[in-house]
Amino acid sequence: MSRDIIAQLKDLKNHPSAGWVNDVEQELASTRLLTAIGHHDGRVIEGAGIAYMKWNSFSFVTRPVGVSLVIFALLFGGWFTTVKAAVGSIPGDTLYGVKLMTEQAQLMIASSDNRAVLHTQFAQRRMVEIQTLQTMDDGRTEKYMQETMHALEAEVIKAGDALSQMKLDGQGDVLTVASVLDEKISTIQAELGVVNGQDVAVSEAQLTTNKVSNSAVDALMDVHEVQVSDQSEAALSRSFKNEYTDLRERQTFDLGRVQTIGQVIAENELLGIVTTDDLKRLEFAVNQATDDVAGAMNLFVAGGYRNAFDILRSSDTTLLDIEAQLVVIENNIMTAMDAIQQDQIADEVVEVEEVVDDQNIEVNQIINLPDQQITQ
């Protein structure tokens with residue numbers, strides 16, 4: 001009996017129902033995959049998408065455990081439909097647990113290269129869930145937002161750990177995986193920066209993503225220093241360009257936040273939240289944080305990669321601290337504005353009550369008038 005099963009597994013290995021695809025279908029799958037994961041030419045090194053596509057094309061079926069899982073899924077045909085329906089679920093949905101179990105199954109059968117990339121993909125899913133939760137009005141935002149943010153952070157940490165393990169073992173395409181991780185985590189960082197109602201959990205997630213992104217860049221530099229290649233050169237250039245551009249964009253955005261805060265405080269006469277001098281100091285700090293970025297560009301061009309990235313990281317740390325201060329100020333403004341609004345509502349209620357009371361008095365006076373006076 002066991003021999004028959006083994007024979008069937010071997011036969012199934014290259015069968016289309018178990019995931020085998022020919023070269024033409026594989027190329028089409030690659031194109032669809034790169035489009036779905038937001039691949040942009042010039043940002044991820046050549047080969048990174050292909051390495052990731054290998055997992056997505058069910059290459060795991062060449063391993064017995066992979067085939068067994070496929071057979072299990074085929075035996076319970078409804079599982080495919082359930083998994084598909086669970087893909088778009090968010091915390092609080094009935095099928096969300098199925099979504100998480102499917103992710104764990106994917107990790108179990110993934111190679112070390114793909115495992116690191118998968119964790120960043122799952123982190124991106126958590127980011128989408130966070131964005132969706134922000135639009136919910138059924139109480140789930142408050143209930144699940146923080147734990148989903150922590151789940152995102154955990155996936156990013158696991159991605160970094162998987163990359164570190166690859167470097168330690170000396171196995172796998174570290175250059176490709178590090179480039180993909182850096183790209184995907186950069187996307188997550190940008191989306192974290194515009195999460196509404198930023199709090200401690202968001203700040204922690206930003207620090208974590210920065211740390212793992214830096215470790216991915218360090219891995220790129222390590223590979224480049226051991227063996228210089230066009231691929232490693234291109235990967236470092238793309239990473240530097242992305243970080244440089246991000247810092248410049250954040251500088252502009254943060255300066256805009258400072259100006260907006262000043263306008264809101266002046267228009268609403270909000271006293272005691274922040275002074276004009278404090279805002280000027282913040283504006284100066286934002287500009288000062290990015291003053292050295294131009295020098296980093298010159299260092300990078302000259303081949304001083306580590307020093308160049310160190311300058312960008314120092315600027316990034318400073319901006320994160322300034323942005324944390326801006327979040328506190330913005331939250332205080334929102335609290336003050338809510339208090340003002342509540343006072344206005346209370347005043348309006350009092351005015352309405354006074355009008356009603358006056359009308360009641362007039363009605364009572366009319367009711368209590370003698371009949372002769374009412375007739376007249």
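The values are calculated or read from the model by the stated rules, or taken from the named source; none is laboratory data. What you are looking at is a predicted structure, and each value in this text was computed from that prediction instead of being measured. In this analysis, Cβ positions are derived from the backbone assuming ideal geometry, glycine residues included, and neighbour counts consider all displayed protein chains.
Observations
- Applying the criterion of being outside any helix (DSSP H, G or I) and in contact (Cβ under 8 Å) with a residue 60 or more places away in the chain to the residues of the range 264-285, the residue that is nearest to Glu323 (Cα to Cα) is Ile273.
- Test for Ser164: is it surrounded by fewer than 23 Cβ atoms within 10 Å (Cβ to Cβ) and over 16 Å from the mean Cα position of the chain (by Cα): yes
- Per-region count, the range 286-317, residues free of Cβ contacts under 8 Å to residues at least 60 places away in the same chain and crowded, with 17+ Cβ neighbours inside 10 Å: 7
- Condition check for Val174: at pLDDT 90 or above and within 24 Å of Gly304 (Cα to Cα): yes
- Taking the criterion of being within 13 Å of Ile157 (Cβ to Cβ) and either of a type in the set (D, E, K, R) or surrounded by 21 or more Cβ atoms within 10 Å (Cβ to Cβ) (or both), the residues of the range 182-207 that qualify are Ile185, Ile188, Glu204, Ala205.
- So Thr245, is it within 13 Å of the chain's Cα centre (by Cα), among the β-branched types (Val, Ile, Thr) and either part of a helix (DSSP H, G or I) or not assigned by TED's automatic domain parsing to the domain that holds Met127 (or both): no
- Residue match in the range 270-289 (condition: small (Gly, Ala, Ser), over 30 Å from the mean Cα position of the chain (by Cα) and closer than 30 Å to Met337 by Cα): yes
- Unique residue being surrounded by 13 or more Cβ atoms within 10 Å (Cβ to Cβ) and without any contact (Cβ under 8 Å) to a residue 60 or more places away in the chain when the list is Asp230, Asp218, Asp246: Asp218
- Check on Ala190, assigned to a helix (DSSP H, G or I) and in contact (Cβ under 8 Å) with a residue 24 or more places away in the chain: yes
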